[in-house]
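What follows is a set of notes on a single structure, which appears directly below.
The values are calculated or read from the model by the stated rules, or taken from the named source; none is laboratory data. The structure displayed is predicted, hence computed values, not measured ones. Here the Cβ positions follow ideal geometry from the backbone for every residue, glycine too, while neighbour counts run over all protein chains shown. Ligands, DNA and RNA are excluded from the accessible area calculation, which covers all protein heavy atoms including side chains. Shrake-Rupley method; radii C 1.70, N 1.55, O 1.52, S 1.80 Å.
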Amino acid sequence: LSPLRSFLPPFTNVTGVVDDHGMCQCSVYLPDTTFPVQKVENLEILAKQLSAKFDSELSKVRQYTQLIALYEEKIRNVTIRIEHMEKSSITYTSLDFELIRLEITEMERLITQLKTSLTGSNVFVEQLYVEIKNLSVMVNELELLDKNNILAVRREVASLRAKLQECEKDRNQTVKHPYFPPGNCGHGPIMNISQPYVIQLNWRGFSYKYGAWGTYSSPLNPGKQMYWVAPLNTDGRYLEYYRLHDSYDDLLLFRYSRQYQVLYGEGSGTAMYNNYMYYNVHGSRDMGKIDLATNKLELRKTLPNAVSNNRFSYAGVAWQDIDFAVDESGLWVIYSTEASQGNIVISRINETSLNVINTWQTKQYKPAVSNAFIICGVLYATRPLNTRKEEIFYSFDTSTGEEGKLSIILDKVLETIQSINYSPIDRRLYVYNDGYLVRYNLNFAPQLLV
């Protein structure tokens, strides 16, 4: 070796071994200095495959992002519709719920596909999935326990109607009641009452539990039977709107001839007579008379000595200190005074001038009575027996001044009866029962049995 090379630092130190001949032997591993072409080619192929897969996944992500935005909008729309269903009084059918279910199922299918396609954790997709599941649960609960109980009540009412029709058929075959035409008072007291016939929910919805309804005739349309419905506001006090229907079919179809707004009406004691509405003026002991043709307040007059402002209302029904009634002879009003110590007072009213024609004092405490009505000058009072039965237990005959005790059971659809209106046109009771319009047929005893 040249002197220069002998002074170069060694590349590496290797341990050697001296053999039997005095020769030093060692093993040195030299690196592979050849270029790894095969590895580079494999790396390029792998890079192309990864790039293609990335482009494919990126395309899917873009597609799914668009679908997510689309279905996010659908979720908002479905949520708005469900909230509207909860707040609205409109009747919904099974088809409405089924259509919403189909939309939710489609969205759930997409989210499930997203979850399986996107590897790893995706908080947004998981949150979207939970929201869709919650929507599905909301729809199921809304159908089963919807605010208006429309579907459940419809099924129950349909079943009850079938049973009642069968029961009425059997009763009609075995018992024949005497017939007394409308306007005829040549009969005795009420003998029994039919099962309830549910017409429908009032037009303002299930939340409007207080109100009154009935039928009336007008001198403008003699012989024509028309209907009226007057739900109170949800506070159970303020009478603001009422509707008039020209026929029973129109009533069933919620098709009205007129819808009016009343200023300062109070309580469920409203009555209609000869094309006029009579009601208690809000916050007073005044009687109001409205022309149904114009909705104009024709007359307002104070009812002498009557209490007001929920002083002596019916049991379980507030703001009905003054309760109007109509029978074969005309217009009446049922109320109390401080002098009567809360007992029922009955006055016959001149429907034209609202003057009191005659007055009768009873011994029945008004707040112990759930409601009252008058037939042929006889007052009948009710009281609750339980949540499903009411009893007509008391009567007062204005022609004789005699009080009577009786027990006629009246089946209720729901717990509280807000008003009872007797119609001399068809001799039926029109009952407002926790927002539902219910009708009853009456049977009277012959005059000889009195």
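Considering only segment 401-422, I want to know if a residue exists there that is assigned to a loop (DSSP other than H, G, I, E, B), without any contact (Cβ under 8 Å) to a residue 60 or more places away in the chain and over 32 Å from the mean Cα position of the chain (by Cα).
Of all residues in segment 401-422, those assigned to a loop (DSSP other than H, G, I, E, B) come to 401, 412-416.
Checking the rest, the ones that are also without any contact (Cβ under 8 Å) to a residue 60 or more places away in the chain come to 401, 414-415.
From the residues that got through so far, the ones that are over 32 Å from the mean Cα position of the chain (by Cα) too are 401.
Among the residues of segment 401-422, at least one is assigned to a loop (DSSP other than H, G, I, E, B), without any contact (Cβ under 8 Å) to a residue 60 or more places away in the chain and over 32 Å from the mean Cα position of the chain (by Cα), which makes the answer yes.
Report, by residue number, each residue of segment 216-227 that is surrounded by 18 or more Cβ atoms within 10 Å (Cβ to Cβ) and without any contact (Cβ under 8 Å) to a residue 60 or more places away in the chain.
Across segment 216-227, the qualifying residues are Met226, Tyr227.
For segment 175-286, please list each of the strands (runs of 3 or more DSSP E) lying entirely inside it that holds at least 3 residues being more than 24 Å from Gly377 (Cβ to Cβ).
Details: elements: 187-193, 197-201, 211-218, 221-231, 238-245, 258-273, 276-281.
Once the strands (runs of 3 or more DSSP E) in segment 175-286 are filtered for at least 3 residues that are more than 24 Å from Gly377 (Cβ to Cβ), what remains is 197-201, 221-231, 238-245, 258-273.
Here's the yes/no breakdown for (1) farther than 22 Å from Leu354 by Cα; (2) hydrophobic (A, V, I, L, M, F, W, C); (3) open to solvent by less than 40 Å² (accessible area, probe 1.4 Å):
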{"site": "Tyr248", "(1), (2), (3)": "yes, no, no"}
{"site": "Leu253", "(1), (2), (3)": "yes, yes, no"}
{"site": "Glu266", "(1), (2), (3)": "no, no, yes"}
{"site": "Ala271", "(1), (2), (3)": "no, yes, yes"}
{"site": "Tyr278", "(1), (2), (3)": "no, no, yes"}
{"site": "Ile290", "(1), (2), (3)": "no, yes, yes"}
{"site": "Leu297", "(1), (2), (3)": "no, yes, no"}
{"site": "Thr302", "(1), (2), (3)": "no, no, no"}
{"site": "Val307", "(1), (2), (3)": "no, yes, yes"}
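Looking at Ser340, Ser370, Ser395, can you tell me which residue is without any contact (Cβ under 8 Å) to a residue 60 or more places away in the chain, under 27 Å from Asn433 (Cβ atoms) and in the same structural domain as Trp228 (by the TED database)? Before the answer, list the steps.
Details: Ser340 fails: under 27 Å from Asn433 (Cβ atoms); Ser395 fails: without any contact (Cβ under 8 Å) to a residue 60 or more places away in the chain.
Result of the check over Ser340, Ser370, Ser395: Ser370.
Which of the residues that make up segment 333-389 are assigned to a loop (DSSP other than H, G, I, E, B) and under 31 Å from the mean Cα position of the chain (by Cα)? So that I can check it myself, show each step before the final result.
From segment 333-389, those assigned to a loop (DSSP other than H, G, I, E, B) are 338-342, 350-355, 369-370, 376-377, 385-388; that's our starting set.
If the condition is that a residue be assigned to a loop (DSSP other than H, G, I, E, B) and under 31 Å from the mean Cα position of the chain (by Cα), then Val369, Ser370, Leu385, Asn386, Thr387, Arg388 are the ones that fit.
Return the residues of segment 337-372 that are closer than 23 Å to Trp213 by Cα, crowded, with 16+ Cβ neighbours inside 10 Å and of a type in the set (Ser, Thr, Tyr); say none if nothing qualifies.
Ser347, Ser370
Any chance you could count how many residues in segment 309-327 are on the phi < 0 side of the Ramachandran plot and either open to solvent by 50 Å² or more (accessible area, probe 1.4 Å) or not charged (D, E, K, R) (or both)?
Of all residues in segment 309-327, those on the phi < 0 side of the Ramachandran plot come to 311-315, 317-318, 320-327.
Retained after the next criterion (residues that are either open to solvent by 50 Å² or more (accessible area, probe 1.4 Å) or not charged (D, E, K, R) (or both)): 311-315, 317-318, 320, 322, 324-326.
Residues flagged as on the phi < 0 side of the Ramachandran plot and either open to solvent by 50 Å² or more (accessible area, probe 1.4 Å) or not charged (D, E, K, R) (or both) within segment 309-327 amount to 12.
Among the residues in segment 303-315, are any in a strand (DSSP E or B) and of a type outside the set (D, E, K, R)? Working first, answer last.
Residues of segment 303-315 in a strand (DSSP E or B): 306, 314.
Of the ones still in play, those that are also of a type outside the set (D, E, K, R) are 306, 314.
Yes, that holds for at least one residue.
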